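What follows is calculated from the coordinates using simple rules that are stated; it is not laboratory data. None of these values were measured; they are calculated from a predicted model. When we count neighbours, we look across all protein chains shown, and the Cβ atoms used for this are built from the backbone with ideal geometry, even at glycine.
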Amino acid sequence: MVINSFRFLAFFAVVFLVYFLPWMRQRHTRQNLWLLLASYFFYGFVDWKMLPILLAITVAFWFLGGFIRKAIDRGNAKAASRFTTLGVVLGIGLLFYFKYLNFFAGSFAKLLNAVGLHVSWSTLNIVLPVGVSFFTFKLISYVIEIHREKIQPSENFLEFATYVAFFPTIMAGPIDRPGKFLPQLHQARQFNYNLAMDGCQQILWGIFTKMVIADSIAVITHGAWSLYPEKTSWYLIYAALLSPIQVYADFDGYSNMAIGVGKILGFNITKNFDHPLLARNVSEYWRRWHISLTGWITDYVFMPLNVRFRNWGNLGIFLAISINLVVIGMWHGANWTYVLFGVYHSLLFLPLILSGKFGKNKKLKPGRWGCIQFKDLLGMIGTHFLMAFGHIIIFSAGVPSIIRLFSCMIKGDWSFVNPFSLLSWYSILAIVVLLVLEWFTRNKEFAIQRESKDYTNKTFRIVFLDMLLALAIVIFSASANAEFVYFQF
Amino acid sequence: MERSEIYEKLNEIFCDVLDLDEVHLTDASVADDIEEWDSLSHIQLIVAIEKAFGIKFTSLEIMKWNNVGEMVNSIIAKKQ
């Protein structure tokens, strides 16, 4: 059940109506119970076999959180660390079983065979449950934050379970932190017109970027990643250059829909993107891309490593960044291409570390007529090319495919292909609109947000523009209910 | 060591590491208050602070800080 489907609309209409009934709004526990039931129904609808595991792991982490706090209160630091480690191992173990067991066991068997020891390994029939990469990260952050004394353990199981299973974000994030989300479950949510309108606008913009932009580019990139021997060099180059825009429009589109649904229900969900196409270098790109994941990894992987390596100078920073990026790569799935993706990105950091330019970039300042300054534009274009190269690595079926695709690109048919013949005029127009708005609305959460976030006046204008956008979606959407790229991760 | 003395020294370290002309840290100061202070410069700050005060923090200690005030508490505890 994807968010941009009529099935979801029907589901959400029922959830919304019951959620804001006067009797429900009196008590937050009633709303939370309803949200939890809706979330389990939503998740069960997609993957009912995983529901008991989701419930069991939620119970386990809820108890672990309590144990950690009790150990801290008793002054038993060792026990607190042990319970935290248990939680981390449990979370990673769950991910490992579902995502990586086949990959590691298969790679290990291949290695043994290569050195002359004959072992056979038949792939286990493990199906990757939807959302496992997202909710295990929520659970792990819960125990670590309690151990670091940043939060108190949740006293109410209903609130905790709702945090873990919250349906708008369980499938593909954003990965909300307990410190920001749990307090929101602690009070009854009243219907907030401005927040709900802001949410509706955000959903509409998300549907537009997903269905009009991402899905139309997807046709080209899918062709490139799977049928590259049949494609010309120019086609493959266009596909690689369009891919970062496609994945951004897809995943940012999904995130906008999830955040928008959350807003309608009265929640503030963590943002996932901060205009990554405006990044002037790789370091800035990673600060703007999939923020809820990179922020998570920064806090729980990068910082502990960096603290440990702190006296090793640039080597320590490079090591911490490399491990960090390989973890980010591996998070996407079990394939050597993801490892290579991490290694590739860490190599891109090397010149930045050596020149001391890896830190936070200065805020973007407009040049003449409010346009991008030429130097910044060059940086953005350069970063885009580097990202496009990374996309070839991450979307290839395996390491041999990457090499074959590159050789097709370089040694293939160089007869010119008009880039405008690959996409329809309205897709090109939509991409141009996206790129222009990316710059001019860089201080907003999403392109069509009202600066004041106040939607009470000039309603006619909003309705008119929304109708226009909705019409564009209906007429120009590339395909109905196409899968989201990040559902596979 | 007085709290004010520590702050004086910290202001100097922050200016030096983050390349700032002036900074006025308080107990409530956090990374969001200073644009140049991010996860990478944070580590450079810690290394400089450890060197300047001749102390060593544990990893968990560093991870627990919520603001400059808590960091100063750690420094005072180590210097006693």
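So the values come out like this:
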{"quantity": "Order by protection proxy (mean Cβ within 10 Å, highest first), peptides A:328-336, A:307-315, A:91-99", "calculated": "A:328-336, A:91-99, A:307-315"}
{"quantity": "In the stretch A:1-150, lysine pairs closer than 17 Å at Cα, eight or more apart or cross-chain", "calculated": "5"}
{"quantity": "Per-residue mean of C-beta atoms belonging to partner chains within 10 Å, peptide A:2-9", "calculated": "0"}
{"quantity": "Average beta carbon contacts from partner chains per residue of B:39-47, 10 Å cutoff", "calculated": "6"}
{"quantity": "Protection-proxy order for peptides A:177-183, B:20-26, each taking the mean of Cβ atoms within 10 Å per residue, highest first", "calculated": "A:177-183, B:20-26"}
{"quantity": "FRET efficiency for B:Arg3 and A:Lys363, using Cβ-Cβ distance with R0 set to 45 Å, rounded to 0.05", "calculated": "0.85"}
{"quantity": "Label-to-label distance, nm, for residues given as A:Ala397 and A:Ser421 (7 Å Cα→Cβ offset)", "calculated": "2.7 nm"}
{"quantity": "Residue range of chain A that is longest and free of GluC sites (Glu not before Pro) which are both DSSP loop and sparsely packed (at most 13 other C-beta within 10 Å)", "calculated": "A:156-450"}
{"quantity": "³J(HN,Hα) computed for each position of the stretch A:133-145 - Karplus, 6.51 cos²θ - 1.76 cosθ + 1.60, integer Hz, glycine/proline x", "calculated": "5, 8, 6, 5, 5, 5, 5, 5, 5, 4, 6, 5, 5"}
{"quantity": "Lysine pairs within the stretch B:3-79, Cα separation less than 16 Å, 8 or more sequence positions apart or different chains", "calculated": "9"}
{"quantity": "Stretch gain in nm, segment A:Asn194-A:Val432, where the contour uses 0.36 nm per residue and the Cα spacing is subtracted", "calculated": "82.7 nm"}
{"quantity": "Simple spin-label estimate for B:Glu22 and B:Lys56 in nanometres, 7 Å along Cα-Cβ", "calculated": "3.9 nm"}
{"quantity": "Prolate/oblate/rounded call for the stretch A:271-409, Cα gyration tensor, a/c under 1.5 rounded", "calculated": "oblate"}
{"quantity": "Cβ-derived FRET efficiency at R0 51 Å, A:Leu227 paired with A:Gln187, nearest 0.05", "calculated": "0.45"}
{"quantity": "Average Cα contact separation per residue, the stretch A:6-190, under 8 Å, 6 or more apart, as relative contact order %", "calculated": "34 percent"}
{"quantity": "Partner lysines for A:Lys263 [C-alpha distance under 18 Å; skip if fewer than 8 residues away on the same chain]", "calculated": "A:Lys180, A:Lys271, A:Lys444, A:Lys453"}
{"quantity": "Length-normalised contact order of chain A in % [C-alpha pairs under 8 Å, at least 6 apart]", "calculated": "19 percent"}
{"quantity": "C-alpha center-to-center spacing [the stretch A:55-102, the stretch A:190-267] in angstrom", "calculated": "35 Å"}
